[in-house]
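Only one structure is covered here, and it is reproduced in the block below.
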Amino acid sequence: MAKLDIYQQLAVICDSHEYPIYIGANFLTDSELLNRHVDAGQVLIVTNDTLAPLYLEQVLQSFTSLQCDVVILPDGEQHKNEKNLFTIYDTLIKNNHHRDTTLVALGGGVIGDITGFAAATYQRGVRFIQLPTTLLAQVDASIGGKTAINHPLGKNMIGCFHQPHAVIMDLNTLETLPMREFRAGLAEVIKYGFLVGGEFLNTLQTVLADELTGISMEQLASLIAKCCHIKAEIVQIDERETGRRALLNLGHTFAHALEAYTHYQRWLHGEAVAIGLYCAALLSHQLGYLDKTSLDLVDHLLATAKLPRRIPKEIDLVALQTIMFKDKKIKNKTLHFVLMRTLGDCYIEALITEENLRKLLIEAVQGDQQ
Ligand code: NAD
Ligand code: GLY
């Protein structure tokens with residue numbers, strides 16, 4: 001068996017329970033680690049038809065002494081739906097999984113979200129373990145207990161909070177992740193940089209300027225751990241997003257509208273987030289908060305990661321604005337935006353007028369830049 005390399009270990013302490021995040025290498029072949037958070041003799045692995053040929057066999061080896069069933073879903077966001085949710089329930093019921101079973105999500109955020117929702121609802125809630133295989137899922141989706149499926153009329157519209165029992169990140173899996181997906185994950189990493197600023201933002205500037213060349217597995221683990229730590233600290237004080245957790249949505253109101261407008265076809269989520277981060281910075285600047293140097297740094301950092309930053313010319317800004325007002329972050333019919341006072345000091349603003357938004361969108365449209 002390959003040597004188990006744990007580079008970082010963190011804990012998320014929530015009201016429901018406390019759980020570990022392990023970040024390292026060779027985890028998918030480590031039977032002891034994978035079994036450490038399984039409670040009884042039953043496991044259901046949920047994965048997709050891209051990841052199964054790559055990683056399923058090695059994960060299965062760890063569960064040979066248990067009843068281990070498998071669901072392989074078709075790959076893609078469009079499959080995070082009720083049909084596949086019921087495929088998971090069907091397999092659990094047909095194979096007599098009890099309330100002490102453990103679901104194992106082997107994949108990116110799509111698999112994590114649907115598996116988490118199945119775990120939250122099967123027999124009123126069973127435990128689940130996240131084995132995130134994309135950078136985006138490692139720094140964001142696998143932590144914090146947001147689970148969901150999509151409704152035909154809206155993304156993530158059906159869901160609930162259900163924390164995993166462990167998050168086990170094997171960074172070896174990133175070796176097979178397409179570069180475009182990796183860059184999309186970097187958008188969320190950069191988001192954390194804007195949320196906390198300081199030393200972490202400086203480190204990010206350095207590693208991105210070098211295009212992550214020469215970054216060791218330990219350094220990558222420490223970057224991911226810092227993101228997890230920032231998210232865990234916020235989730236711990238506001239598990240159900242009644243306040244501060246909304247800061248994690250920096251750039252996302254724009255991103256979700258752009259994704260919906262283009263029917264989720266044009267950008268990966270992280271790419272839309274990158275445009276959203278630029279829009280949030282530009283709006284903050286237009287309102288007199290964020291200075292020009294910081295706005296330029298936002299643009300530069302996203303450009304260094306080869307991420308898009310501008311709204312394409314052909315997008316109908318009125319239609320985009322209308323979509324924004326269907327966002328989940330609406331309270332009392334008012335859209336809440338996460339804005340930046342400085343890089344490292346973000347806050348939630350409820351007083352954005354339609355005129356503010358219109359002006360912002362016009363200026364964020366693509367000119368000569370990306
Ligand atoms: P994804 O799960 O669709 O994965 C992206 C693509 O990469 C897929 O084609 C997948 O099969 C493939 N892939 C995954 N890992 C691979 C690997 N190691 N090697 C080769 N291919 C691999 O996308 P994602 O970006 O991980 O997640 C996006 C989803 O996460 C969305 O549904 C979003 O709503 C959700 N999300 C949830 C949260 C949360 O807090 N729950 C946060 C952010 C995003
Ligand atoms: N991805 C935002 C959150 O988990 O709250």
Check: In the chain, with Lys and Arg counted as +1 and Asp and Glu as -1 at Cβ, which of these residues, Leu56, Val12, His269, has the Cα nearest the positive end of the dipole, that is, farthest along it?
Finding: His269
Checklist line | Where labels lie 7 Å past Cα in the beta-carbon direction, separation of Leu351 and His263 in nm | finding: 4.1
Notebook entry, point to check: How would you classify region 227-370 from its alpha-carbon gyration tensor, with a ≥ b ≥ c the square roots of the eigenvalues: rounded for a/c under 1.5, else prolate if a/b is greater than b/c, otherwise oblate?
Noted result: rounded
Next item on the list: Using packing as a proxy for protection, rank 234-246, 117-129, 256-268 so that the peptide with the highest average count of other Cβ atoms within 10 Å comes first.
Entry: 117-129, 256-268, 234-246
Margin query: Let me understand the chain better: what is its radius of gyration from the alpha carbons, and its Dmax, in angstrom?
Written below: 20.3, 63
Checklist line | Simple label model, 7 Å out from Cα along Cβ direction - Asn81 to Ala319, nm | finding: 2.1
Notebook entry, point to check: Within the chain, what percent of beta bridges assigned by DSSP are antiparallel, to the nearest 5?
Noted result: 45
Check: What are the residues whose amide H is under 5 Å from the amide H of Val104, where those residues sit 5 or more places off or on another chain and H is modelled from the backbone?
Finding: Leu44, Ile45, Val46, Ile129
Next item on the list: Past 29 Å, Cα to Cα, is the threshold; run Lys80/Lys292; Lys326/Lys359; Lys191/Lys313 against it and keep the listed order.
Entry: Lys80/Lys292
Notebook entry, point to check: Among 151-161, 60-70, 38-48, 98-108, how do they line up from the highest to the lowest mean number of other beta-carbon atoms within 10 Å?
Noted result: 98-108, 38-48, 60-70, 151-161
Note to self: With just the Cα atoms defining each centre, how far is region 215-291 from region 34-63? Give it in Å.
What the structure shows: 30
Next item on the list: Just add up the charged neighbours of Ile168: K/R +1, D/E -1, any other residue whose Cβ is under 12 Å from the Cβ of Ile168.
Entry: -2
Notebook entry, point to check: Rounded, prolate or oblate: which fits region 4-43, taking a ≥ b ≥ c as square roots of the Cα gyration tensor eigenvalues, rounded meaning a/c under 1.5, else prolate when a/b beats b/c?
Noted result: oblate
Next item on the list: Under 1.5 on a/c is rounded, so check that first for region 1-116, then, if it is not, pick prolate when a/b is larger than b/c and oblate when it is not; a ≥ b ≥ c are the square roots of the alpha carbon gyration tensor eigenvalues.
Entry: rounded
Item checked: Fraction of antiparallel bridges per DSSP, region 88-228 only, in percent to nearest 5 -> 40
Check: Where the centre of each part is set by its Cα atoms, how far does region 66-81 sit from region 129-166, in angstrom?
Finding: 14
Checklist line | Among Thr173, Ile158, Ile129 the positive-end extreme of the charge dipole of region 120-195 (Cβ point charges) | finding: Ile158
Next item on the list: Report the extension gain between Leu212 and Gln286 in nm, rounded to one decimal, defined as 0.36 nm multiplied by the number of residues separating them, less their alpha carbon distance.
Entry: 23.4 nm
Checklist line | Local net charge near Lys292, Cβ-Cβ under 15 Å (Lys/Arg +1, Asp/Glu -1) | finding: -3
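No lab work stands behind these numbers, since they all come straight from the coordinates. Predicted, not measured: the structure shown is a model, and the values here were computed from it. Note that each Cβ is placed from the backbone with ideal geometry, even for glycine, and that neighbours are counted across all protein chains shown.
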